[in-house]
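The values are calculated or read from the model by the stated rules, or taken from the named source; none is laboratory data. Please read all numbers here as calculations on a predicted model, not as lab measurements. Glycine gets a Cβ as well: all are built from the backbone with ideal geometry, and neighbour counts include every protein chain shown. We work out accessible area using only protein heavy atoms, side chains counted, and drop any ligands, DNA or RNA first. Shrake-Rupley method; radii C 1.70, N 1.55, O 1.52, S 1.80 Å.
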Amino acid sequence: DLVIKRLDEYFGRPFDHRTNPATVLDVLIATKLSQNTTDKSSFIAYTNLKKKFKTWDRAASADIDQIKDSIKVCGLANTKARNIKLMLQQMKKNYGTLDLIFMNEYEDEKIYAEFLQYEGIGVKTISCVLIFALGRDAFPVDTHVHRVLNRLGIAKTNTPVKTFEMMKEIIPEGKKYELHSNLIKFGRNICRSNSPICSVCFLYDVCRFKEKKILRKRTSSLKKTENNFIILENI
């Protein structure tokens, strides 16, 4: 609760995404595009796709080079284009439609089981679907979230999936999304992978990171909104 409170005080609480949720496929494709690139670049690629094809049905039947050309700004365009087209075709075959609104009726565990059958979709991506498309209380764990929780000493795990399993029973009900969002911002701006800015950290006193005392002595400037754009909050 203390960590959640301090993160909220610094970054603010995220907007209520349930008022205008994205579709299941919007979230799946935006998440795929965001892999191994910045959210700003992947958002441009996502916007290009939506503008080019209008519907995901058109993308499913499009030439793969057209998809590739639309998303080349975000890197790994060959792989991402192939994976997106294959996923759309498989879902169309499995469900007879790409309107996946029927998944609103599924329990969370059924949704995890359903989507894990598709290549390249893991628990983090499915958790994002639960939050941003279905309005559920889920906790996606990416590299930033995994790193920060382990440095703080809240988690003691060696993979994001293990952190996900550990944390889902610990976080207070209704707080998972705001903690997820603010941990990403905290991990990008302050508790960075290679050069954490411990000198300005507002969680220093509760942190268990072994190197924090050495890093605390370094001085560094910080822009509060330096890197806070999250693609799934903007689709």
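Test ILE170 against the criterion of being open to solvent by 30 Å² or more (accessible area, probe 1.4 Å), touching a residue at least 40 places away in the same chain (Cβ under 8 Å) and either out of contact with any His (no Cβ under 7 Å at 6 or more places or on another chain) or not in a helix (DSSP H, G or I) (or both), and give yes or no. Step through it out loud before you land on a result.
Values: open to solvent by 30 Å² or more (accessible area, probe 1.4 Å): yes; touching a residue at least 40 places away in the same chain (Cβ under 8 Å): no; either out of contact with any His (no Cβ under 7 Å at 6 or more places or on another chain) or not in a helix (DSSP H, G or I) (or both): yes.
Answer is no for this residue.
When the residues of segment 158-167 are filtered to those that are loosely packed, with under 15 Cβ neighbours inside 10 Å and in contact (Cβ under 8 Å) with a residue 12 or more places away in the chain, which remaining residue is nearest to LYS124 (Cα to Cα)?
So, considering only residues that are loosely packed, with under 15 Cβ neighbours inside 10 Å and in contact (Cβ under 8 Å) with a residue 12 or more places away in the chain, the one nearest to LYS124 (Cα to Cα) is VAL161.
One line per residue, one yes/no per condition, for (1) under 16 Å from the mean Cα position of the chain (by Cα); (2) in a helix (DSSP H, G or I); (3) under 20 Å from PHE229 (Cα atoms); (4) at pLDDT below 95:
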| position | (1), (2), (3), (4) |
| --- | --- |
| LYS110 | no, yes, no, no |
| GLN117 | no, no, no, yes |
| VAL141 | yes, no, yes, no |
| LEU149 | yes, yes, no, no |
| GLY174 | no, no, no, yes |
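With respect to SER61, is the statement that it is open to solvent by less than 50 Å² (accessible area, probe 1.4 Å) and either of a type outside the set (D, E, K, R) or in contact with a Cys (Cβ under 9 Å, 6 or more places away or on another chain) (or both) true?
Numbers: open to solvent by less than 50 Å² (accessible area, probe 1.4 Å): no; either of a type outside the set (D, E, K, R) or in contact with a Cys (Cβ under 9 Å, 6 or more places away or on another chain) (or both): yes.
In short, no.
Of all residues in segment 127-157, which are surrounded by fewer than 21 Cβ atoms within 10 Å (Cβ to Cβ) and either of a type in the set (S, T, N, Q) or touching a Leu at 6+ places or on another chain (Cβ under 7 Å) (or both)?
Those that are surrounded by fewer than 21 Cβ atoms within 10 Å (Cβ to Cβ) and either of a type in the set (S, T, N, Q) or touching a Leu at 6+ places or on another chain (Cβ under 7 Å) (or both): ARG136, THR143, HIS144, ASN150, LEU152, THR157.
Just give me the residues in segment 64-102 being surrounded by 13 or more Cβ atoms within 10 Å (Cβ to Cβ), among the charged types (D, E, K, R) and part of a helix (DSSP H, G or I), in sequence order.
Within segment 64-102, LYS68, ASP69, LYS72, LYS80, ARG82, LYS85, LYS92 meet the criteria.
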